[in-house]
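Heads up, the thing below is written out as structure tokens.
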């Protein structure tokens, strides 16, 4: 991307995309966010990829875009801490089963439906 856009434009594009995905994720209900996190943890078994590790190390704090507004930061932290608590309470929360690897679907669907 850097070769195509240059360093500054590539950085700006990545930062914009990060903020866009972050703010979209915040619009999801808790059930959708929980399903998304379940998919993430199922598809990324290993070191620091379990709900317990995320809560203990507070790794999720590093995912907040630098340009996020304070209210977005607080909503994200509140939602994620609530969800991690729920996920840790589930019997298979720290399972390392990777047979059902899935890619999280946190971006709006680009498909259209008539209805």
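The values are calculated or read from the model by the stated rules, or taken from the named source; none is laboratory data. Computed from a prediction, not measured in an experiment: that's the story for all the values here. Cβ coordinates were reconstructed from backbone atoms using ideal geometry, including for glycine residues, and neighbour counts include every protein chain displayed.
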Kindly establish whether residue 64 is touching a helix residue (DSSP H, G or I) at 6+ places or on another chain (Cβ under 8 Å), surrounded by 15 or more Cβ atoms within 10 Å (Cβ to Cβ) and at pLDDT below 70. no
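Residues checked against (1) out of contact with any helix residue (DSSP H, G or I) (no Cβ under 7 Å at 6 or more places or on another chain); (2) in a helix (DSSP H, G or I); (3) closer than 28 Å to residue 11 by Cβ; (4) at pLDDT 90 or above:
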{"residue": "35", "(1), (2), (3), (4)": "yes, yes, no, yes"}
{"residue": "41", "(1), (2), (3), (4)": "no, yes, no, no"}
{"residue": "45", "(1), (2), (3), (4)": "yes, no, no, no"}
{"residue": "56", "(1), (2), (3), (4)": "yes, yes, no, no"}
{"residue": "73", "(1), (2), (3), (4)": "yes, yes, yes, yes"}
{"residue": "79", "(1), (2), (3), (4)": "no, yes, yes, yes"}
{"residue": "84", "(1), (2), (3), (4)": "no, yes, no, no"}
{"residue": "91", "(1), (2), (3), (4)": "yes, no, no, no"}
{"residue": "94", "(1), (2), (3), (4)": "no, no, no, no"}
